[in-house]
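A quick write-up on the structure given underneath.
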Amino acid sequence: MTTVNSRLLYRWFKGLLWLLLVLALIALVSWLRGPSFGAVIEGLTPPHLPKVDYSGKQRVWPQQNWDAPLRQKYHHISQGTRTLPIPLSWLLALERPVDNLLTLPFGKRGKFSDDDYLLRFGFIGSERSEHNPHGLPVGFAATPSQNLPGVSGQVTAVGFNCAACHTSHFTYGDTEYIIEGGPATTDLGQLTSALGAALGQTLLSSKVPLVKGRFYRFADAVLGEDAATDANISQLAKDLESLVEYLAGLPAAVDTVEGFTRLDALNRIGNQVFALDPGKFENYVPINAPVNYPHIWTSSWFSWVQYDGSIMNPLVRNTGEAMGVSAYLDTRSPHEERRFSSSVKVDNLYWIEQSLSGTNPLPEQRFNGLLSPPWPESLPAVDRALAQTGAALYREHCEACHLPAPDSERFWSHFNPVEYYVNDERRETEQALLSVHIIPHAQVGTDPAQGEVLVSRTVNTAGMGNSNGFSNFRGMGVGTEVCTRAPGMPPNPYRPGYPDDRSAPPSRQAGKLVNVAVSDGPNLSFALALGAVVQQVNNEWFLQNYYSAAQQALFEEGRPNCLQAGQGYKARPLNGVWATAPFLHNGSVPTVMALLSPPDERPCFVELGGIEFDPVHLGLAQDIELACGEEAPAKYGRNGRFILDTSVPGNSNRGHEFSSRYDATKSWWDQPMGVIGPELEESERLAIIEYLKTL
């Protein structure tokens, strides 16, 4: 052995000893300060991820009425978000975490931002362009001049935009199909764990003598050769430690793991806006109601959006989404200093919405924004005769909830203005909207978790009073009007039938959409408080950017900020549904065949994370064969994919059932909960599947 190799081996061995010593010190400090050593090691250990390789596959974009320049802009336009808690320069410099901490001193690792690592979280690769100069995946967007917790100075932040959650892909044979507006396949929980591990390992490297290679490589890449002075490197190390400490102090409770293709969007938005932004951690709730990322073509023209049909105004919906993925929001400054200022780019949100919606489709009876994807010719051909049989079955069993097919004249008769009242004055939306049906939970019977979020969750936005009764902490400043359903009135013994008296003011007529005032309080409805805060954020943006009231009305598209909770689950039109697996709002059913089959034939375990398409059963191909009643496996399999256990609360695969228990002589409220139609023969299910391919 040469002297050089001996010295190198000695340095590695000495570095390893130092690493073991530091781990021992971490164990001691952790024991003294509270968290267990196991928790520290777990935080430094990245998740096991699926392997992906699309290099040999050709890419196909089904025709959805968007050209390549529009797609590229949609994929990377900034919404003002800071979803990743690190600057862009850090993301590009950060090495991916090692699986075994004992290998930390040895050798250079690939970059965290490389496609062969980031795509393993379910993201879609994207080419370099003027909108994406660093070649980051679809949905990554940069926003300059941002402040990040723990990081000194203003930086360019990295956040997600609409495309991160609403662009999908699947593979069949040697082809990767990209579906604009489709449900994403990402796992943000795993991304958060991996990023935390990478940051923690880099910080650990900065603390270990003779094993600082990882940190120095990071510093050189962040600062550049000319700026990598001792002072700047020292400041970077302080920023890194400060950021890691900040992230370690944030609540992160999870009751129901989301996994690939799912996100508990409502609770995450609530946690961000009412717990993390104002520092009121009492408002934090565990993740417990994951949903499959929804597909968004056609939805711009719905009367109500979200799975639970809870929001009407498109700008409120989009700003709320930006706030939920960590756009900056000020809830602490005095009102005279522009409280509710934010980094949300409302003008970009408007561009996105217009690109999705197009112009009013009613005059020509056809949509003209982002269209649902047609069945590609490169997939197995549609059996047209079988599809014709399926069309009749669709009209019999599906149309009453999901509406006629969009290519039929009957579909367009479901467009109507929405009526609402402001101070008992009747108004209606400027444009007719598609009146989607919202099916009561008692009828559809699917998992109740997501539908319960806005019904049961409350938030505290009030200030804190001291012993003298004076406020020493002002509330969040919630104070505006929103629109919601008037509640049912209790019986009036002096005026029988009063709740149904149509001569009463609209604000007293149950179910009417009426304006209500929302202000700070210790026990506010989450639905109304969120709608109020989002409205105030939008109002502040228009003020600061000198937009007139008329311009604001244009952005809001003549729709009021109406909110509702507990109405049920929305049954949207099924155009393009063939490309949106998994199914039900929580993604608990892998294929349409399983959804149309008797409930006991649905799989109890669903593998999520693979994107191989099953064109026969219409959905996700499954590689697991676990029978119901078997012991539940780990949440993630050996291949890194998520194993959804349908026995876990929030993951139920029941409801929306075609069952032998159905009685055609009874109304829906007399059926067993969740039973919506008669049991279908296998040939009937296949016929409906074939028809859905044509929508």
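Assuming Glu130 fulfils every condition listed in (1) surrounded by 14 or more Cβ atoms within 10 Å (Cβ to Cβ); (2) under 17 Å from Asn161 (Cα atoms) apart from one, which condition is it? The failed condition is (1).
Residues that are among the aromatic types (Phe, Trp, Tyr), surrounded by fewer than 19 Cβ atoms within 10 Å (Cβ to Cβ) and modelled with pLDDT under 55 number at least 1 in the following helices (runs of 4 or more DSSP H) confined to the range 1-84: 3-33, 37-44.
In the set Ala184, Ala221, Ala198, Ala163, only one residue is in a helix (DSSP H, G or I) and farther than 28 Å from Leu102 by Cα; that residue is Ala163.
Does Phe526 meet the test of being touching a helix residue (DSSP H, G or I) at 6+ places or on another chain (Cβ under 6 Å), within 30 Å of Ala632 (Cα to Cα) and among the aromatic types (Phe, Trp, Tyr)? Criteria not met by Phe526. Inspect the range 271-278 for any residue being within 19 Å of Pro448 (Cα to Cα) and in contact (Cβ under 8 Å) with a residue 60 or more places away in the chain and give the result as yes or no. No: the range 271-278 contains no residue that is within 19 Å of Pro448 (Cα to Cα) and in contact (Cβ under 8 Å) with a residue 60 or more places away in the chain.
Residues in the range 56-82 that are free of Cβ contacts under 8 Å to residues at least 40 places away in the same chain and either assigned by TED's automatic domain parsing to the domain that holds Gly369 or not hydrophobic (A, V, I, L, M, F, W, C) (or both): Asp67, Pro69. Within the range 224-263, the set of residues being among the polar types (S, T, N, Q), under 30 Å from Val291 (Cβ atoms) and assigned to a helix (DSSP H, G or I) is empty. For the range 411-442, the set of residues classified as among the hydroxyl-bearing types (Ser, Thr, Tyr) and free of Cβ contacts under 8 Å to residues at least 24 places away in the same chain consists of Ser413 only.
Candidates are the residues of the range 136-156 that are buried (at least 22 other Cβ atoms within 10 Å of the Cβ) and touching a helix residue (DSSP H, G or I) at 6+ places or on another chain (Cβ under 7 Å); the one that is farthest from Gln58 (Cα to Cα) is Ala141. Pairing residues of the range 146-167 that are in contact (Cβ under 8 Å) with a residue 24 or more places away in the chain with residues that are in a loop (DSSP other than H, G, I, E, B) and among the charged types (D, E, K, R), at Cβ distances under 6 Å and at least 6 apart in sequence or on separate chains, gives Gln146/Arg82; Ala157/Arg82; Gly159/Arg82.
Residues that are buried (at least 23 other Cβ atoms within 10 Å of the Cβ) and in contact with a Cys (Cβ under 6 Å, 6 or more places away or on another chain) are absent from the range 571-584. Being among the hydroxyl-bearing types (Ser, Thr, Tyr) and out of contact with any Gly (no Cβ under 9 Å at 6 or more places or on another chain): is that true of Ser145 here? For Ser145, the condition - among the hydroxyl-bearing types (Ser, Thr, Tyr) and out of contact with any Gly (no Cβ under 9 Å at 6 or more places or on another chain) - is met. Among the criteria (1) touching a residue at least 60 places away in the same chain (Cβ under 8 Å); (2) out of contact with any helix residue (DSSP H, G or I) (no Cβ under 8 Å at 6 or more places or on another chain), the one Glu282 does not fulfil is (2). Scan the range 341-361 and report the pairs whose first residue is in contact (Cβ under 8 Å) with a residue 24 or more places away in the chain and whose second residue is in a strand (DSSP E or B), with Cβ atoms within less than 6 Å and a gap of 6+ or a chain change. Matching pairs, first to second residue: Ser342/Ala327; Ser342/Leu329; Ser343/Ala327; Val344/Ala327.
Under the condition of being within 15 Å of Ala157 (Cα to Cα) and either without any contact (Cβ under 8 Å) to a residue 24 or more places away in the chain or aliphatic (A, V, I, L, M) (or both), the residues counted in the range 83-104 number 7. Scan Ser145, Ser206, Ser152 and give me the residue that is of a type in the set (S, T, N, Q), part of a loop (DSSP other than H, G, I, E, B), more than 23 Å from the chain's Cα centre (by Cα) and in the same structural domain as Leu44 (by TED's automatic domain parsing). Result of the check over Ser145, Ser206, Ser152: Ser152. Do we find a residue being under 22 Å from Ala184 (Cα atoms) and either of a type in the set (Asp, Glu) or touching a Cys at 6+ places or on another chain (Cβ under 8 Å) (or both) anywhere in the range 660-668? No, that holds for no residue. Each residue in the range 319-342 was checked for being outside any loop (DSSP other than H, G, I, E, B) and more than 25 Å from Pro69 (Cβ to Cβ), and 10 of them qualify.
Kindly indicate whether Thr694 is closer than 26 Å to Trp578 by Cα, of a type in the set (Val, Ile, Thr) and out of contact with any helix residue (DSSP H, G or I) (no Cβ under 6 Å at 6 or more places or on another chain). Here the answer is no, as Thr694 does not meet what is asked.
Whether any residue in the range 547-562 is closer than 17 Å to Val478 by Cβ and either crowded, with 21+ Cβ neighbours inside 10 Å or of a type in the set (A, V, I, L, M, F, W, C) (or both) is what I want to check. Yes - at least one qualifying residue is present in the range 547-562. For beta carbons closer than 6 Å, sequence separation of 6+ or different chains, a first residue in the range 612-636 that is crowded, with 19+ Cβ neighbours inside 10 Å and a second that is polar (S, T, N, Q), the qualifying pairs are His617/Thr591; Leu618/Thr591; Gly619/Thr591.
The values are calculated or read from the model by the stated rules, or taken from the named source; none is laboratory data. Note that the structure is predicted; figures quoted are calculated from it, not measured. FYI the Cβ positions are ideal-geometry reconstructions off the backbone, even for glycines, and counts take in every protein chain you see.
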